[in-house]
Amino acid sequence: MYIDGQWLTEGPNFEVVNPATGAKLGSVLDASTDQVQAAITAAEGALPGWSGATAYDRATILYRAHTLMMERQRSLAELMTAEQGKPLKAAMNEVKYAADFLLWFAEEAKRIYGETIPSARPDQRFLVHKQAVGVVAAITPWNYPISMLTRKLGPALAAGCTAVLKPAESTPLCAIAVFEILDDAGLPPGVANLVTVSDPRPVGDLFCTHPAIRKLTFTGSTAVGRHLAQLAAPQLKRVSMELGGHAPFIVFDDADPVHAAKGVSLVKFLNTGQACISPNRIFVQRAILEPFLKTLEARVARLRAGDGTDPATSIGPLINEAAVAKVDLQVQDAIAKGATLHTGGYRLVDGGLERGCFYAATLLSAVSPDMLIYREETFGPVAAVIPFDEEDDVVAMANDTEYGLAAYIYTQNLSRALRTFEQLNFGIIGINDINPTSAAAPFGGMKASGLGREGAREGIDEYLETKLGGLSI
Ligand code: ADP
């Protein structure tokens, strides 16, 4: 753990395992409530100095952190593959994406502009000033174990906030590696603190109730996000919530079915389907259903599951046993209710894969609204295809979910693309594009997918208060 600029190494600890092999990777400290309290106190103590530093000084440290992260890209990616399971190439991409947030917010730090506003009174002036929210508590997930940290710490530190971060219990080693970078970049003691725990609940409670914490930023499941938002409400703490999704992927009959199927095969199986923007319902207009399924089936059947260190691996393991059980339950439920299974549909247990949490890349069609997979987030390597006939129907079906994070539209008709873009209630929409994400673009959801945006110009606003000065002259 890293508290007030010091590395702690002694004390009770818990194990971290490789999800591809079940092998123990290491142990990390299991923080006591007193230690979490000490981390909050350290962040509180460092706040005046850090928020009072110039934006140029804060940016200099973030630039250095960006450089160090890119210098360590390979070793960070190898650690991520071992701890989280994703193929090395995907891990390399994630480290680059993570570093992008440090660079973007180093730049944005210098663009925290205020305003002057004309008054109706000739003897009055209005000044609008932006200042850091204060101490921030951050809780991050395991699926993107480095980029989810920099997407929060980058803007928080750029804005002048100090922070305490609790990473997911399955991926604390990646978090430690990020904090080594911040330490090496010269971040002053107490500005960012890391606490690792095996049971997140007491820390979550403390973060939500501690008076020194002014803001909670959380990425994880909707159930936990709701719980934390409720706990934080009596204190009127600010919250940013990046929660679950159930992305529709709509393929209209004027799109090239082969191109669209390739897109699905790439985005659906990224990170073994363990992404909040992963397509969960693939709606295909009936006229092109057959060629679409033919291409998708061939591509899904070719995907090779394995250890992410093997260059031949295209999909890694799921994070744990519970994830395998959830995915299999949704697949078996769909088959029992009449879905067609094209390929996959079982846990992989041969050739050494039995030691890890591997599930075969799976394609289901004829999926219908009565199936679990139509409503629940899968977070696994299962493509679920649903036929549709009319544009109006598919928009209504796509919006028929409590979630509102990502959606995808494939069409060659510009009017239809814009119409559908406007009608879909989702925060991120890819139009003939499977990767609508960037440090420069606002990421976040509507409805039960969350509150607030990360990245982009908006990303730093989440960590700023607006202060008005009214002056009589
Ligand atoms: P997932 O189902 O993707 O693991 P979670 O919402 O359970 O998503 O986990 C995301 C993050 O939230 C992790 O850091 C986890 O430790 C944390 N977390 C889970 N439950 C709680 C809780 N009750 N209080 C605080 N943090 C929690």
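Only the coordinates and a few stated rules stand behind these numbers; no lab work does. Predicted, not measured: the structure shown is a model, and the values here were computed from it. Cβ placement follows ideal geometry from the backbone for every residue including glycine, while neighbour counts extend to all protein chains displayed.
A compact table of results
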read-out	value
Loop GluC sites (Glu not before Pro), the range 330-411, which have at most 14 other Cβ atoms in a 10 Å radius of their Cβ (DSSP)	E390, E402
Net charge dipole size for the range 247-438 [Lys, Arg +1 and Asp, Glu -1 on Cβ; Debye, nearest 20]	480
Percentage relative contact order, the range 132-260, counting C-alpha pairs under 8 Å, at least six apart	26
Ranking of S75, S472, S170 by count of other Cβ atoms within 10 Å, fewest first	S472, S75, S170
Helix 222-232 vs. the chain, principal-axis angle (Cα, 0 to 90°, nearest 10)	20
Relative contact order, percent, the range 247-438 [alpha-carbon distance under 8 Å, six or more residues apart]	28
Packing-based order for 182-194, 82-94, using average beta carbon neighbours within 10 Å, highest first	82-94, 182-194
Residue (of V164, I250, V395) at the positive-pole extreme of the chain, dipole from beta-carbon charges	V164
Sequence of K268, K337 once ranked by neighbouring C-beta atoms within 10 Å, starting from the fewest	K337, K268
For the chain, size of Cβ-based charge dipole, Lys and Arg +1, Asp and Glu -1, in debye	660
Principal-axis tilt of helix 88-109 within the chain, Cα atoms, nearest 10 degrees	30
Using alpha-carbon coordinates, inclination of helix 33-52 to the longest axis of the chain, degrees	60
Simple Cβ-charge dipole of the range 151-221, Lys/Arg +1 and Asp/Glu -1, about Cα centre, in debye nearest 20	340
Least to most buried among L165, L270 (fewest other Cβ within 10 Å first)	L270, L165
Relative contact order (percent, whole number), the range 76-126, Cα cutoff 8 Å, 6+ residue spacing	21
Cβ-based charge dipole, the chain, positive-most Cα from G186, G380, T140	G186
Gap separating the Cα centres of the range 155-185 and the range 234-285, nearest whole Å	28
Entries of K130/K447; K337/K447; K89/K166; K89/K152; K152/K215; K96/K152 with Cα pairs more than 18 Å apart	K130/K447; K337/K447; K89/K166; K89/K152
